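Report on the structure given below.
Computed from the coordinates by the stated procedures, all read-outs in this text should not be read as laboratory data. No experiment lies behind these values; they were computed from the predicted model shown. All Cβ positions, even for glycine, are placed from backbone atoms using ideal geometry, and neighbour counts span all protein chains on display.
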Amino acid sequence: MQLRAVIIIASTAAAIMLASTQSASGADKLISVGSGGISGVYFPLGGAICRQIETGRRDHGYRCMVESTEGSVSNINAVLSRDLDLGLAQSDAQYTAVKGLGPFKDRPQPKLRALFSLYPELFTVVARLDAGINRIEDLQDKRVYAGDTGSATHAIAELVFSALGVKPRDAKPASMSSTELAAALCENRIDAFAVIAGHPNASVQQAANSCATNIVAVAGPVIDGLIRDHPFLAQASVPGGMYRGAERAQTSFGVFATLVASADLPDATAYLVTKAVFEHFDAFKRSHPALAYVSRESMLAGNTAAFHPGALRYFRESGLMK
């Protein structure tokens, strides 16, 4: 049996250990959650979900384990094979899995189910204030770094620029790490950069604290059309007052981080997980800055896979759905 690096979130402590992944329906009463890299947002969010589940451990008897993984596609494959019970995945990965596109080309996954979404990962454009970029259309002929070719940021940026007929100049160098973006912007090597991120975001924060910047509005009829045409996208705003020089909220759009499972996950388990998070909602929101602006209602947005019957049961009982 394959051993995986995991964290068991206990009611009294978090302990790092090696454990075999087993189904939540097994005798050990274990719920396993696939997250992402240890340094990213998904890993602590997986831990936050586990903590909410284990709050009621005396009543239901389940332990919860969060595993570091390669992210969305890996997690979807793992929940469908029942190597994991739950997995965090971006809403666009949900969509491509259900439709049999992208990494799931020619193999649609009809058993994929959504429990709920977590927070929006917004297409965010940050510009130097003296670059005169206030709208996305102002990026015409500007030096813009919009992620490496093949990245999610680059793909969304190309979608936006193509729809608007905007042609920025490519930034040099062709590849930059997230830690280099603020310096490149503030040293006038680029005029703007784009990221897909939950907020607050370290790169945006560093840029705002290092030089005069603004967050560019990504809105208008063309953007509305993109959202309508791509069901995995949803409109949301970068909150005002989060970054220096950005006192007003700025409209944008993005994908959502979501929690997914297989249709084979028992209804009772999906119900238990959903209830644990929603009935300890305030504590859950405090568990990570990315959750600070979510609401119970917003956590039903951005899902393109059908909701799991266990999650639907809770939403209907609580009045969130009819």
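Here are the numbers for the structure shown:
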read-out	value
Volume per residue that the Cα convex hull of segment 23-171 spans, once the total is divided by residue count, Å³	140
The chain: most fluctuating residue of THR55, THR258, THR304 per GNM, C-alpha cutoff 10 Å	THR55
Among MET299, MET176, MET65, residue whose mean-square fluctuation peaks in a GNM of the chain (springs only between Cα atoms under 10 Å)	MET176
GNM result for the chain, Cα springs below 10 Å: residue of GLY37, GLY61, GLY71 fluctuating most strongly	GLY61
The chain: proportion of alpha-carbon pairs further apart than 25 angstrom, %	51
Distribution of pairwise C-alpha distances over segment 66-145, 10 Å bins, in %	15, 36, 18, 20, 10, 0
Spacing of the two label points (7 Å from each Cα toward its C-beta) at LEU129 and GLU279, in nm	5.0
Range in the chain, longest, excluding exposed GluC sites (Glu not before Pro) [loop by DSSP; at most 10 other beta-carbon atoms within 10 Å]	1-246
Under 17 Å from the Cα of LYS142 - lysines, other chains or at least 8 residues apart	LYS167, LYS172
Derived scalar couplings ³J(HN,Hα) [segment 156-164; Karplus, 6.51 cos²θ - 1.76 cosθ + 1.60; whole Hz; x for Gly, Pro]	5, 4, 4, 4, 5, 4, 5, 5, 8
Relative contact order [Cα under 8 Å, 6+ residues apart], segment 55-126, whole percent	18
16 Å reach of a label modelled at ASP267, 7 Å along Cα-to-Cβ, counting backbone N of segment 293-322	307-318
Computed over segment 121-255, the ratio Rg/Rh where both radii use C-alpha atoms and Rh is Kirkwood	0.92
Ranked packing of 221-227, 84-90, most packed first, by mean Cβ within 10 Å	84-90, 221-227
Alpha-carbon centroid distance for the pair segment 209-259 / segment 85-144, whole angstrom	12
